[in-house]
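Accompanying notes for the structure given below.
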Amino acid sequence: MKKGIIVYQSKYGAAKKYAEWLQGMINFYCVEISKVTADEMMPYETVIFCGGIYASGIAGLPFLKKHINKLKNKKVAILCVGASPYDESAFAEIKAHNLTGDLKDIPLFYGRGAWNESKMKFVDRTLCKMMQKSVAKKDPSTYEPWMKALMNARGENCDWTDKRYLTPLLDYLQK
């Protein structure tokens with residue numbers, strides 16, 4: 001049996017960056033989700049899914065949901081990557097929204113990603129601008145952490161990726 005595989009889906013590069021950092025730290029095979037089948041994951045003891053958060057959903061999760069029964073006897077973990085700073089309540093909402101049914105007991109970890117409007121697809125950029133307009137109508141003293149981050153990133157290129165976000169996942173893998 002092979003040690004582990006990292007399967008990722010990355011729209012703008014931050015999730016891929018974390019997947020590649022993990023690969024370098026733990027020497028697992030690393031592959032984009034579109035280039036792997038569930039059967040190709042079977043020889044591995046550990047399977048790590050890594051995907052960006054978009055509109056509260058974790059990229060690549062439908063693939064995991066579809067094949068979770070094949071992975072029952074494996075150590076499975078998910079690393080989600082988002083532009084917002086880590087916030088306990090927001091993270092709990094992401095977990096409750098995404099990890100339901102057979103996925104509810106899978107450990108979920110968080111890594112902060114990046115923000116670059118010039119790289120965003122038109123639809124994503126438009127949705128972000130609409131959200132910024134909506135948030136701008138609120139009293140800044142009432143902003144939640146994600147709202148502050150959204151407003152501060154406006155017009156900026158930001159890269160908050162940091163290998164330190166991988167520490168909790170690495171600790172879990174050593175158990």
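Laid out as a table, the results:
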{"read-out": "Among (1) modelled with pLDDT of 95 or more; (2) surrounded by fewer than 18 Cβ atoms within 10 Å (Cβ to Cβ); (3) of a type in the set (A, V, I, L, M), the one test that ALA77 misses", "value": "(2)"}
{"read-out": "Residues of the range 31-45 satisfying the condition of being in a strand (DSSP E or B), surrounded by fewer than 20 Cβ atoms within 10 Å (Cβ to Cβ) and not charged (D, E, K, R)", "value": "VAL31"}
{"read-out": "Tally, over the range 49-81, of residues that are farther than 18 Å from LEU173 by Cβ and over 8 Å from the mean Cα position of the chain (by Cα)", "value": "15"}
{"read-out": "Total residues in the range 46-63, condition loosely packed, with under 13 Cβ neighbours inside 10 Å and touching a helix residue (DSSP H, G or I) at 6+ places or on another chain (Cβ under 7 Å)", "value": "1"}
{"read-out": "Residues that are at pLDDT below 80 and of a type in the set (Gly, Ala, Ser), drawn from the range 125-174", "value": "ALA149, ALA153, GLY155"}
{"read-out": "Any chance ALA55 is among the small types (Gly, Ala, Ser) and at pLDDT below 95", "value": "yes"}
{"read-out": "Among (1) under 14 Å from THR161 (Cβ atoms); (2) in contact with a helix residue (DSSP H, G or I) (Cβ under 9 Å, 6 or more places away or on another chain), the one test that PRO107 misses", "value": "(1)"}
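The values are calculated or read from the model by the stated rules, or taken from the named source; none is laboratory data. Treat the numbers as computed from the prediction; the structure is a model and nothing was measured. Every residue, glycine among them, receives a Cβ derived from its backbone with ideal geometry; neighbour counts consider all protein chains shown.
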